[in-house]
Each structure stands twice: as structure tokens, then as C-alpha cells.
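Visitor: Next up is a structure, given as C-alpha cells.
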């Protein structure tokens, strides 16, 4: 079935065709017609299943050509993290001009000025994180009284991050009669309460259970002697292709990143302790392949939506099956194949096997040394150059609380008379 047959605006279909996107994914085939018809949607699907285009195309088709008043958007998309909001913005904004719609990103960690200017220009669609949105609403810089459509993406992560109270506060500001679409991997931790409270007779669309891994993703437990772990990690990182390595803490991420660089491996670390400018640059360089290895924490896992990641490595095994799936979901996206390996010791082997089974994964167990042929074949491991790699990093500007100077008279310099 084509996007045109699903009811997507012809101008959007033309734009998709130019990008080489012709065949809808299952979640898109299932949900787009109902969403265009204005029905409330409850969508569940694995990461990489195409949810962003599913709700994005529906929203753009519904609002095509409509104009918004200054500070009064007609649609709102809420995402739990800046990275995810930015990636949604990239997808939606690239299509919006085809149907004459303006899109504004509203997130923390960056200046208020450009965001307020965009709202003043009559942004039809606002893509936001909850904290910055409610901040601007309380400053009377955004008015939600004319929002026709609201979309909550990754609602379960909002719950995990403690955002549900502020999400409810935002939802209560919206008009009572409007379309609501909620997308979530699970309905745990209060997400179901959001559905019951704000969605009216939602049409449910679930494509592949989020409790299990995609069929094209293979999982392996590598039993590693503690003395070999560092060398095995270096050799995996030296492979060809995009690789994400997950560790538990920000300190561990920065430390591993430094060690990989010392071994001659281009890489960067990503975690909540980085400024937004650095996080954006890091993701862009990873997407482009300039730094083919990304060292990340669990907090960053759900915000990484990058194609062509062929290997995910749990350098530190997660402690929760949901974290395992969220990390692993960075590969095998959009129908592609991917490999997930977890490094573990013989001592921790039993608990890691239990974790993967709870995640619905039957992982192959392999005892390896740095030169084990099966290990090299599975991961593409190579001997690193051992020539220290350095990357010039622009100096960061000191960041102020709440993402920058607030637009009030105290922060304005008086012009000399």
C-alpha cells in the first residue's frame, strides 16, 4: 500500500518520493488513516518502527495550509528529551514546507530568544520538552488554547524521568475537544493513567510487542576474563561501522572515551552532563561517521535515533530488562539487521542470562579471548592503531541556569544616550 492510498497529502507523498521513501512501515499503514480521520490513537511499537513518520505525516496532512496566530500553535508534540525532540523536529520540519506549515522547536539548554521569536511568527506546530514548554507558558510566551492535536511520544520514558505531573499540567491547559495521540513502548508506571484520563475511545495500533527484540536483531553474551575486558572493548571499537557502547555512569562514559582515544579510536561520549551544544555536535558527528563510536549512558539511550548502527555493545550490563531493550533498540532499526553483544564475566553470567530472558531475548553465549575467531567474525573486531587520536573540541560557553538568559528587562543593556 502506498502513502497516497493511506490518505497522506499528495505534496507530502511527492516529498517522500524524492527522498526515496515509498513504502509505509506496518505502524504507518495501521495508524495513518485513523489519525488523519481525527481519531485518538494509542500506538505501541518497537524503536525504529516508524512512529515518527506515522504521527508526523498524519499531523501534517490534517493541518496542511492552516495558519496559526502569534504564540498560539495549532499542534503540540511532546518528547521526553532534547535529543528526541530535535530528531522529531528534523523529520517533521523537512516535510512541513511542502504543506506550508511552520514548525518551532521548544527545548531547554538553548536560548529563549529564538524560540520566542518563532512562536511570535505564528508557528503552527510546536515540538517541545515538558519543562521548557511550561516555562514559556508561565511567561505567557505561548498560549495552548487553540491546540487541535497533541502527540505524546515515548510516554513511558516521560514516566521514567518523572515528567508525568508536568505532562498532566500541560494536558489540562489544552482544549477539551481535540485529537490526542500517545505513543509508548509500554503502558507501565502511570502511562495507562494518561490514556484513561486524556484519550477518548482511542484506536490501538501495536506493531510487534515492545517486550521483545526485533527478529533481525541477534543477541550474544560474551564471557570475558576481567583481564581481557579492556582489550576486547578496544578491538570491538576499532571495527568498521557505527558502534554504540553503553556504560552505567557519566564518569565511566568519559573514562572509556578517553581510553579509546588513547588506543587510536575516534569516538565521543554522550550523557546528561554535557551541554546541549556538545550533545548536538556529538550526535551530528556520529551520524556523519566522523566519530564512528559513541559511548553513552542509559539516560541517553532513548534519545539516540540514528540509522545504520550495526552493533550495540553493553560494556556494562544493564540491571533492568527494559533498559536492555532500550539500549539494544539503537540497532536493527527500520527493518535493518543488527547485532547486540553484552560483555560479562563468568561470575555475573547467571544474572545476565536471567536479565536477557526477562527481556524476551534468547542470547547465544560465547567464551572469548581477544583473538578468538568466533569473536572476530561476530563483531568485526580489529587491532586498534595504538596511535592516540585527538579531536579539536571548541571551547564551551558557560551555560546559565534554565538554558540561557531570560528575556526580561534585567538582562537588557541600556543603550547609551
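The values are calculated or read from the model by the stated rules, or taken from the named source; none is laboratory data. Not measured: the values here are computed from a predicted model. When we count neighbours, we look across all protein chains shown, and the Cβ atoms used for this are built from the backbone with ideal geometry, even at glycine.
Visitor: Of these, 11, 79, which one is in contact with a helix residue (DSSP H, G or I) (Cβ under 9 Å, 6 or more places away or on another chain) and farther than 30 Å from residue 359 by Cβ?
Guide: Among 11, 79, only 11 is in contact with a helix residue (DSSP H, G or I) (Cβ under 9 Å, 6 or more places away or on another chain) and farther than 30 Å from residue 359 by Cβ.
Visitor: From the set of residues in the range 22-41 that are under 21 Å from the mean Cα position of the chain (by Cα) and not in a helix (DSSP H, G or I), which is surrounded by the most Cβ atoms within 10 Å (Cβ to Cβ)?
Guide: Filtering the range 22-41 for residues that are under 21 Å from the mean Cα position of the chain (by Cα) and not in a helix (DSSP H, G or I), the one surrounded by the most Cβ atoms within 10 Å (Cβ to Cβ) comes out as 41.
Visitor: Considering the range 98-111 alone, what residues qualify as being modelled with pLDDT of 95 or more and surrounded by fewer than 17 Cβ atoms within 10 Å (Cβ to Cβ)?
Guide: Of everything in the range 98-111, just one residue is modelled with pLDDT of 95 or more and surrounded by fewer than 17 Cβ atoms within 10 Å (Cβ to Cβ), namely 100.
Visitor: Of the residues in the range 359-415, how many are in a loop (DSSP other than H, G, I, E, B) and either under 30 Å from residue 325 (Cα atoms) or modelled with pLDDT under 95 (or both)?
Guide: 34
Visitor: Then there's this: Confirm whether residue 356 is at pLDDT 60 or above, outside any strand (DSSP E or B), closer than 25 Å to residue 306 by Cβ and touching a helix residue (DSSP H, G or I) at 6+ places or on another chain (Cβ under 7 Å).
Guide: Criteria met by residue 356.
Visitor: Return yes when residue 49 is touching a residue at least 12 places away in the same chain (Cβ under 8 Å), part of a helix (DSSP H, G or I) and either buried (at least 23 other Cβ atoms within 10 Å of the Cβ) or not assigned by TED's automatic domain parsing to the domain that holds residue 332 (or both) and no when it is not.
Guide: no
Visitor: Next question. Do you know which residues across the range 103-135 are in contact with a strand residue (DSSP E or B) (Cβ under 8 Å, 6 or more places away or on another chain) and farther than 19 Å from residue 93 by Cβ?
Guide: Residue satisfying the conditions is 130 alone.
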